Each structure stands twice: as C-alpha cells, then as structure tokens.
1. Test residue B:397 against the criterion of being in contact (Cβ under 8 Å) with a residue 12 or more places away in the chain, assigned to a helix (DSSP H, G or I), closer than 28 Å to residue B:376 by Cα and not aromatic (Phe, Trp, Tyr), and give yes or no.
2. Just checking, does the stretch B:298-307 include any residue being of a type outside the set (Asp, Glu) and out of contact with any helix residue (DSSP H, G or I) (no Cβ under 7 Å at 6 or more places or on another chain)?
3. Given the conditions (1) closer than 17 Å to residue A:9 by Cα; (2) within 14 Å of chain A (Cβ to nearest Cβ), which single one is not true for residue B:444?
4. For the stretch B:186-210, which positions are assigned to a helix (DSSP H, G or I) and surrounded by fewer than 18 Cβ atoms within 10 Å (Cβ to Cβ)?
5. If you scan the stretch A:150-209, which residues turn out to be assigned to a helix (DSSP H, G or I) and closer than 17 Å to residue A:230 by Cα?
6. Can you tell me which residues in the stretch A:139-149 are buried (at least 16 other Cβ atoms within 10 Å of the Cβ) and assigned to a strand (DSSP E or B)?
7. Part of a helix (DSSP H, G or I), buried (at least 16 other Cβ atoms within 10 Å of the Cβ) and either within 14 Å of another protein chain (Cβ to nearest Cβ) or not basic (Lys, Arg) (or both): is that true of residue A:16 in this structure?
8. Does residue B:406 qualify as being loosely packed, with under 15 Cβ neighbours inside 10 Å and within 14 Å of chain A (Cβ to nearest Cβ)?
Amino acid sequence: MYVIIVEDEPAILRRLARQITELLGNKLDKLRCFHNLDDAQDYINHQSIDVLFLDLNLRGKNGFELLSSLTASSFHTIIVSAYAEKAIEAFEYGVLDFIAKPFTKNRLQQALSRLSDTYQRQDYGIRYLSVKQASVTQLIEIRQIDYIVASGHYSEIIFNETTRLHDKPIQKLLPLLPLNFEHIHRSYIVNMNKVARLKAEPGSKYILELNNGQQLPISRARYSKIKEKLNAYKG
Amino acid sequence: MLGLGRMKLNLYFIFTLFQLSLTSFVNAQSINISQMQLISPAPNNCSTVDINNSKWKKVSLRMLPKHQHFCLATQIQLEENSFSSASLYLSLLASSKIYWDGNLIHENGVVAKSRSLEQAGFVDVVVQIPSNLLHAGTHTIAIEASNFHLHTDAIPTSYGFRIIETSQAHGYIVLNSILSAFILGCLFIFSTLFQLLFWLYQRQNIYQIFSLLCFFSTCLLLTEKWRVMFGLSYDLQNLRLQMVMLFTFLNSLLLPIFYLIYTQSSFKTRWIFLTFNVLLASLLLNPEYDDKGISMYFSSLLIALCINLLALKNSNKGHWANTIIILIGIIVFAVEPTKFTEDRFTLALFAINAVMLVSIIQEMKNNRVHSLASVRLEAELLKRNLQPHFLMNSLMLAIEWIEEKPNAAAEFVQALSEELRMLVRFSSLSVVSLEEEIALCRCHIAIMSYRYDTNYTFNVSGLQHSIFIPPAIIHTQIENAFSHNEIPDDANFTLTITREKNQITLTLISPHTTELNQRLYSKDEAIQPGIGERYIKSRLAEYFHNNFTYQSFAQGTTWINIIQFKAEA
C-alpha cells in the first residue's frame, strides 16, 4: 500500500507516520510525508498512491477547496483534523474517514480497516461523488445515481440518463457509498432505491430492472442476498 | 366628538391669543409714562390736589421716596377712539390707590401713613379703565402710594406704568403664563425623569447634572415668572430677586459642568474653578441685580461655548448642536441683554436644555451600542482564541510528547496554560498595558515554536511603559501571520514602539510568504483572514474612538501592521 501524509506540524506528522507504519506492517509498501499541500499535489500528479492522510487547515489554506478534487481521484482520502465540526461536510464530499485530533492509535487502526474490502460499511451519509471532467470537478448527488459500472481501472457513474467517468475503480467506490448501494455483479453497483423489480430469465439468468426500465445483470453468487435485501426494501 | 370639539376650541383660543398678542405687540397702541409729579409725604387726599399746585415736584418713576406715604400724578391727552378698551398697567414696589380724573379705579393693598397700618399690595397691577371715563381730552391720573414694607436694601422704583389696549394686556399675561407653565412643566419632568434614571437605571454623572440643571432652571423660571403668573406682594420682591440670583448662579455653574462631563474634558477641575470664580466676581462686582444676573449667565454661556469648541477641535466628543444653540444664545444676548433677561431667557433656557436632552439620549444610545459591541468583542476574543482547533492541535502535540519527550510536553503544557489564562483574563478587559500584551505575544510565539518544532523569535524595541491598548490586538496580528502564512523556520517577529510627543506608533513586522494564494483562503469563518482584522479595528475604535490609524499591508517578504494613537494625557 502506498500512503502519503500531509501535515504541517512536524511532531504530529512524525506521530502519524510512526503509527501508520506500525499498524500496516508489511502491507505498507511506501510512505511519504509532506509539510504542505503544494508539494503533495505535485507528487500525486506524477505518482499513483492508495491513501492520502490530510490535515484540513494547512496554514490558512482551506482543505474543502481541495477535497472535491482529491475525492475525485483514484486514491482514498482520510482527513486528520482538529476541525471536528467539519466531519459531516467532509463525508459529504466523499472522504473515506475523518479522524478528529487528538486521535488515538485505535482510531487510526479503525480508519485503516476501512481500506479493506471486508470492512462493514456504515451509513455515514455521503451526499456527493466528485468527478473530474476536463479538469473541472463536478459534484454528483448520491441519491440521483442509478448505478455504477466498472470500466477498466475506472468507473462509470450513471445518473439522470447521464454518464460520468470516475477515477476510482468500483471496488474503491463501494466503501464510500451508503448502505443502499449494493454490489450486484463484479462490474455493477446499484442504488437499491431505484430498483423496480427482480426478474429471472431462462438459463438461470437474473436481471434487476430499474425504475427507468434499464436492466442490469446479477451474478449468481449474489442473487439470494440481493433478493433478500430487495424484499427488505420493498417490504 | 365633544372632546375633539373642545380641543379644537382650546387650540383656537390659544391661537387667537397668540395672534392677538403678536398683532398688539406690532401695532401697540399704548401710552408710556416714565415721569410724574410727586408730593411726599402725601397730603390728605391725593385725588383732589391740584396738579398745577407748586408743591408738586417732577420725578422719574425709576427713583421714588422710600418708606413713605406719597402722591404721584400726571396728565395725559386722549384722542377720539384712541382705545376701544383701555387698561392701566402699573408695576410699582408699593401699595397703591389709583384715581382717574378723581375717581378711584383700583386699590392695591392698603395705603397708609405708617408701616403698622399699611398692608403690602402686589407689584403688578392691571386695571381696566371704565369706558365712560375714556372720552377724548385731558385726563388726570393720580396714585396715592405707601411703601413702608419695602426691604431696607430694595430700591423704591416702578418697573413700568402705561395705558394699553385691554386685549393686549390680557393677551400678554395669558400667553406668558401658558408658555411659562408649559416650559416649567417640561423642565420639571426632565429633572424628575433623570433623577429616576440616575437612581434606578445607571449612576451616570451626566444624568445627575442634567437633572439638577433642569431642577434649578425650573426654580429660576418659577421665581422669575411668579410675578406674572401668580402675583407677588411687593415686600417679597427683594427676597425674590435674591432667589433669582441664587438660581442663576447655580444654573450658570452647572451649564459648563454639564458640557465638561459630556465632552469628557480632561481639565474638569480647572474649568470648574474658573467658572466658579468668574460667577462669584459677576455676583459681587455688579451693584444691580439685573447686571449680576446678566453677567453671570453671559459668562457661563461663553465658558460653555469654549468647552464645546475645544471638544469639537479635538474631535473626540464634540456636538455641533450644543455649540450652535449656545452660540445663538450668546448672539441674542449680546444684541439686547435686557430683553434677553426678560422674555427670551425662558426660551433660551428651554432650548439649551432641550438640545442637552437630545445629546444625552444620543449618548445613551451610543452607550448601549458600545456595551453590546463590547460584549460581542469579548465573546469574539474568547471564541477566536479558545477555538477548539487551536486547543485540539495543541493537545495532539502534548499527547505525542508525553509519549516521546515527556519533559518538552510539560514545558509545552505550561506555556499553553499560561496563554489560555491570559486570554481568559484579557477577554473581560477593555484595555491592557503594552507589557501584558507583549507577554501574551511571547507566550503565543513560544507555543507556535513548539508546534512547528522551530525557534521563532520576537524582538521588541522602544519604551513599553505607560502605554495602554485594547487586549490581544498585537496577539491577533501575530496569530493572523501564523494562520495565513507558511512561516519559515527560525523566523523573526519585530515590534517597534516609537513616541513622538503624544503620538505612539506600534509597528509589527511579521514574515510573509508572497506566493500566498488568496483563492485558497477559506470562506469558513474560523480561518478567514478578515475576522482577525475586524476584531483589531473594532477594538481600536471602541477604545480610541476615531483617534487612531491602523494599516496592514505586505512589503516583500514581510507583513507590516502599524497602529498609531495618542497617549493618555
């Protein structure tokens, strides 16, 4: 795993680096530390990373101006900030976690566990997914999304009959999304609130039909779980 | 409907009276008598003594015999239809009997040949002359008078003797009484109201002074107008004049004191001493009561004008309206001092007090705005400096050091608590000494040095003592430098204090990173650069009013903040 940390206070930066190294153990491939955002951004532009630990207020620079562009990237962002009251807003922009200062090692551990696929998602109310289009960042409201489909290393987000490309693969998007988003197929994540019905087709093919008539495939392995969920939603 | 009708009627009545008195003042049909024939002591019957008799002596009414029983007589010529209805107005310090062509038309008190038999009459008398006696031709008016009850110090005199239109006489009396009663009522209410404000609302000296001023103005006007409004027995005239002097003195003394307090003059004692002496000199050096009163009130107005002009010049608390009303008073006074003391005095006194009232109410409003602003600034200081992110970041560092460098952790927590303690104390103050402010700045720079693991320095040059500034303003400038800049390691902050006469200049030079991108500043209040600047300006304005300048600008790799203000006298 490739981790970078942006923190302007040296002692806190040292602490973060030390504890992340201890917690990730041999899962950590590389760790880089930056005192300011400009250097970090230069680095990110040329290097692909997995996780960014970011302080929100770096000497007067507003983290929120950067958050939307960062969360549109392929890596996950974890905020480490003393502005605890900004957590909800940060989540709305699609950060993976928000660690309030002062933090404990346990809290750091909890945040790192979100990076793994097995992590149980919580409904923490993400409201937007940010996507970059021709260097402009656009915020897509989560509840408008119909479904997300894998597209190589990227994802395509389909909403209101529009398609936008996101830099994160769907495996990385899933932990960000609320519980009403289900992984129905290796390549599909669907917003269960938009589902009209479940259809069985000849040859043990299962199809999920959305309110707008769009039909999506369900993998056989996930069928029974989806059916159960759908009954819960519709019931 | 009936009430409205009655009100209309009353208004009509007052309006008519007003018009009547105005027109009669303009087309005054009157005969003024200033000299008469005198026989003293009086013969047995004044009315029948022949005016051509050689015993008569011509006298001015301004100087009459004292403690005597005497006769006055004169002849007047009336033309056809000179008056539709005539009244005789006599103002005389004596009991009197008035005869018109030998007919007794009025008896005022009991005229007698000795003090024990005499009964004091009123000073002012208005008598309507029976219409059957008003034919064209020569008429003889005789007055039999005695003034045994006159005070030893009093001058036996007449303040006026004339024949006027009856409507004019009544109009004058009624108008004068209504106007006086109205103004007396207003002044008395002001006085009571401000006593209540002083005791029940706020112990402000200005309320007490204004209340006393209104009270003594009420007393002065009441004693002044008593003669016209209620009639005054002539033996009390001297007492009345003494009371008028006393109240004029008190009014003349309180008027400048009011403006001294209102304009927050720095030399109150000197001004009060000067006023007191000038008034005392006016009182003692002038032989006549009228001159005493005029010179006291005139000096008082002049002193009040000087105080107001000085305040306007220093621009701190000057009030144009006060200055202008006093100036008008002085001009009117200087043009016709005697008339001023009669009719216009009441209006002038009322106008000055009314303008004072307006300025006090404005002051009350300002106080309220200030106290609200002050509370808001206190809260802002606390909020800005005890904001969670500053504390949380600091606690994070403390936790790290407790584990890694326990000694440094202890020192850091010590510095942090020192700064917090000072800030909490500062937040309830409106002013601190420069030494205290510098101590707070040093504390903050030490904490930031710990946090950024470097050694920032703070150099202070110039004399710090006896300088007072609003709390945490330099601290806020330093804090701004940290929150909006990437300050290089081991950077230096410099505070230079310069004094030139009364002018004090505080110049803070902070490191500044020029590539700072304004776009990246937050719209978020907690980290917005404008908040700190606003706090500094509001605090400076609250303490120095308009007597300060504040500049804040970048110059190369430094940020410069300059505060200039006048030292306390």
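The values are calculated or read from the model by the stated rules, or taken from the named source; none is laboratory data. Given the structure is predicted, the values throughout are model-derived calculations rather than measurements. Heads up, the Cβs are rebuilt from the backbone with ideal geometry, glycines too, and the neighbour counts pull from every protein chain shown.
1. No: the conditions fail for residue B:397.
2. The answer is yes; a qualifying residue exists.
3. (2)
4. Answer for the stretch B:186-210, where residues must be assigned to a helix (DSSP H, G or I) and surrounded by fewer than 18 Cβ atoms within 10 Å (Cβ to Cβ): B:186, B:188, B:189, B:192, B:193, B:195, B:196, B:199, B:200, B:201, B:205, B:208.
5. If the condition is that a residue be assigned to a helix (DSSP H, G or I) and closer than 17 Å to residue A:230 by Cα, then A:192, A:193, A:194 are the ones that fit.
6. A:139, A:140, A:145, A:146, A:147, A:148, A:149
7. In short, yes.
8. yes
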